[in-house]
Every structure is written in structure tokens, then in C-alpha cells.
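Take a look at the structure below.
Bear in mind these aren't lab numbers, they're just calculated from the coordinates by the rules spelled out. Keep in mind that what you see is a predicted model, and the values were worked out from it rather than measured. Ideal geometry is used to build each Cβ from the backbone, glycine not excepted, and the neighbour counts take in all protein chains shown.
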Amino acid sequence: MLLGLAILALLPASLVAQQAGGDVLIRNATVMTASRGTLENTDILIRGGKIARIGKNLPAGTARVIDATGKFVTPGIIDAHSHTMMNAVNEGTLSVTSMTRIRDVLNPTDVAIYRGLAGGVTAALLLHGSANAIGGQSSTVKFKYGRPVEEFVVEGAPTGIKFAMGENPKRSNFTIPGQPPRYPRTRMGVLEVMRDAFVRARDYKRSWDDFRAGKTRVPPRRDMELEPIVEILEGKRLVHAHGYRSDEQLNLLRLAEEFGFRVGTLQHGLEAYKFAPEIAKHGAGVSIFIDSWSYKLEGYDATPYNAYMLWKAGVNVSINSDSNERMRRLNLDAAKAMKYGGVPEQDALKMITLNPAIQLGIGNRTGSIDQDKDADIVIWSEHPFSPYAHPEITMIEGVVYFDRKADIERRGLLAKEREELEKLDINKAPGSGGAAPRIPTERVRGDIGHIEDSDIDDHD
């Protein structure tokens, strides 16, 4: 907690709580729009948190001017698969936990948010883990570090839910001593759990339809497990499905078509290139790792050319992190799509900006630099696909949430604060005069929640 507060101290109050309505003019930048190509020596006028005008030599008026001469500007990066700022990842006790909500476990002080902003990330899809065939309800957020948690959740973003297939939901590498194995234990069992849930949800929906039509007099008992699944059937909730193998993910598409809905995204999708035409026909997006694989047998058949082959087949493909570390380098992952297959520069940029925005249902308001969209913008020191590039300013809706110059200037104050804290008796080591730690009188069972998906080589 102290670390989170200390990192917050890096941000001047004027940056954390800058008024959203303040006008800003970014002057003379190379603007990579992600929608209309790259514009040289171009200005961006931000007014009321929106991109008001884009052009050359725009009048500044009363706007605060940021000189971006020699610098590059892109839309904010959007991570379509993240567990950042979550106090819990999995509710692994049941095979279907659709009643749980990521919204209930958001931690707005997580230092990983600030580090993500330092890497140019402005928004993310926060997903439940992969312990369940049908997991919890997701949250789409913007990383408004320093603001109340209510302001993180993107208003009007389509609701989502996590599905999972393969080793994780069938618990291949995880058991609890003294507890019986949880159903399902096979891949066919995982699919059966999903089909059974949809059958029950369809019947539940029919019972409510009958009640509302006056065919029955007594309302059905509300079922918090089935209501989110009914929303899937009604096209109101997007399915974001963890999986690696092509056969399993193709089966999920067939299951969706059986029940009349469309899958939002296939997550990870390391073998998605094997059935790219079927994905394009179904209309699902795919959110992948660009070159992370072979950490387990399921991930053995991956290739860094996956993004290129999906793009060539007309699939909306995004590149995600599933990691607080990789999240800070998604700009370089996008560059790899150019190296492996020759994806054009703008389409590679889309894989971390506009494409994930479309997958999350917020492409009409963010993901590209276009007039009237949210001013979610990153100013880079040089071309963002260069390994030497770093964000200098990261803005969300016109507000600066990361300023590299201000960060560097305040590091001395942070070091001084740390030194003062270490002098306090409560923080002294016993050998330096501090009190000895209290030994618990009862044995405390360790928290297994964060290792529930077993190995450090696994991904949710």
C-alpha cells in the first residue's frame, strides 16, 4: 500500500487532477492515426476531453501548447487481455462462476496501472482467470490512475464474460490435497459444461418470457448464474474465450452457432492460424501473444506468423499482454507483426489500438486519432516501433496521467520520502533497534488463489 501511495506521489496534483475540460494543443507532431495513415507536421486540438480538430498550424487560442516537434503521436494502447488492478483472479470452486464480477475486485492503487501508463497503455479488458469453463464477468477500464475506481470503468462499454478451454478449466496441473477432483476433468467435459449452461439458460429465458407474456402468473426465481448467460444468448454480453488448441476453439464457434450467438474474441489463439477462414466467417476477433509459446504442450504449435495469417484472412486480430510486464512493451510486439509476415505499419499499429477497441465494443470512441473521439493519446520520443522509443506523455480523455519529465523530476522527492520512512521505528529491522516480528500462534494456511492456475509458465 505504501508503495502504491509513493508512486502516486510521483504525479503532481496538476497532472492527477487536471480538469478534463482544459484545452490542449499538440503542435507539429508526426501523427500515426491508426485509421487514416500517418500525418506529418500535424497539430491535434483537444477540447473537453475529445479530439476537436486535426490539421496543420491550428490556432492555439487559450489552449495549453505541447511542442511535439520531432516526436510521434499515436492512439493510446489498449490491452485486450489483462489482470492488472485485480485483487482476485479466479473463483475456482465451481465449473461455472458467471455470477462473479471483476468489477467487485478492482484496486485503483495498483502500481502496475502507472507502469502501464508509462508504456503508453490507456485502456484494458480485465478478465477473470481461466479456472472455469465459464468464468466471471469482465470489466473494460481506462487507466485513470489517481482517480476514484468508479471513473476507471468505461461507461457504455459492452459487457463481457470469460470462457476457458483446455488444461486450465479441466485442472490438469492443479489439485488441492484432501479434496476430490472437480468436474470436468477432460476436454469433452469442458464443452459439455458450456452446452449444459446454455440449455439451462435457454430454459430460464423461456420461463421469464412466458411470465412476461402472461402465460404464467408466478415469476421464476432469479438465477444469478444464468442471467449473464441469457445475456449472451440475447447478444448483450460478449464471450472472451481462453484457449490454445484449434480444435477446441473451433468447437466453441460451432457451439455458439448452435445457440445463435457470436463469440467476441478467441483469447490467446496460438493455433488460430489453422482455422482462420472459419474465424473470419463466424465474425469473431482473435487476441494473441505475438511470440510467446512453448511454455506448455498446448502452446507448442504456435508461430510468430500467426498475426500475419489471421490479418491476411480478414480476421480482426489484436496483440495482448496477459502480463503486467509485457503490457509495457506492446508497442514492440506490434512491430514484430511487421517483421514476421510483413503486416503494413498501420495495420500493425491497429493490432494494439483500434482493433482491440473494436473487439471491446468501444471502437466508436477510442483506438484511433480521429475527430470527436476520446483524446486517449501517447506522445513518443521517436517512432513507437523503435526499441529506443518511450512515451513522454500519456493522456486519457485529454488529461495527462503520465509525464516522463515530471516523473524524473520527482524521483528525488520519492527517495527522500523512502529514507524518512525507513528511519521510523516501525520500519526498522530488529538488528537496527526495531521491534522483533510477532510470531503467529496459529498456523496460517497460505493463499493459493494466485497460483491456482498452477505454473509460472501458464497464462490466464
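Classify the stretch 218-284 from the C-alpha gyration tensor, please: rounded if a/c falls under 1.5, else prolate or oblate depending on whether a/b exceeds b/c. Prolate, since a/c reaches 1.5 and a/b exceeds b/c. Normalised size of the stretch 161-250, defined as Cα radius of gyration per 2.2 N^0.38 Å with N residues, equals 1.35.
Taking only complete DSSP H runs, can you tell me which helices of the chain stretch 15 Å or more along their own long axis by Cα positions and average at least -1.0 on the Kyte-Doolittle scale? The answer, listed by residue number, is 187-212, 246-259.
Using every pair of separate Cα atoms, the Kirkwood estimate puts the hydrodynamic radius of the stretch 140-292 at 17.7 angstrom. Working note: Cα gyration tensor of the stretch 300-399, eigenvalues times five, square-rooted, sorted largest first, giving semi-axes of 23, 17, 12 Å. Of the residues Gly49, Gly37, Ile377, the one whose Cα sits farthest towards the positive end of the charge dipole of the chain is Gly49 (charges of +1 on Lys and Arg Cβ, -1 on Asp and Glu Cβ, taken about the Cα centre).
Just name one of Pro158, Pro387, Leu127: the one whose Cα is farthest towards the positive end of the charge dipole of the chain (beta-carbon charges, Lys/Arg +1, Asp/Glu -1). Looking along the dipole axis, the top candidate is Pro158. For the residue pairs Lys170/Lys336; Lys50/Lys336; Lys142/Lys170; Lys50/Lys405, the alpha carbons lie more than 27 Å apart in Lys170/Lys336; Lys50/Lys336; Lys142/Lys170. Relative contact order of the chain: 20 percent, from C-alpha pairs under 8 Å at least 6 residues apart in sequence. The eigenvalues of the Cα gyration tensor, multiplied by 5 and square-rooted, give the stretch 92-197 an equivalent ellipsoid with semi-axes of 31, 15, 12 Å from largest to smallest. The alpha carbons of the chain give a radius of gyration and a Dmax of 23.7, 77 Å, in that order.
Suppose R0 equals 35 Å; then what is the FRET efficiency for Val149 and Lys416 from their Cβ-Cβ distance, rounded to the nearest 0.05? Approximately 0.75, to the nearest 0.05. In this Cβ point-charge picture (+1 for Lys and Arg, -1 for Asp and Glu), the stretch 286-351 has a dipole of about 140 debye about its Cα centre. For Lys281, the lysines whose Cα falls under 19 Å of its own Cα, not counting residues fewer than eight places away in the same chain, are Lys312. Placing +1 on the Cβ of every Lys and Arg and -1 on the Cβ of every Asp and Glu, with no other charges, gives the chain a dipole of roughly 640 debye about its Cα centre. Convex hull volume of the C-alpha atoms in the stretch 305-358, normalised per residue: 72 Å³. For the stretch 77-214, a crude dipole built from +1 on the beta carbon of Lys and Arg and -1 on the beta carbon of Asp and Glu, taken about the Cα centre, is about 300 debye to the nearest 20. Using a cutoff of 8 angstrom between alpha carbon atoms and counting only pairs six or more residues apart, the relative contact order for the stretch 100-209 works out to 23 percent. If R0 is 41 Å, the Cβ-Cβ spacing of Asp372 and Glu227 corresponds to a FRET efficiency of close to 0.75.
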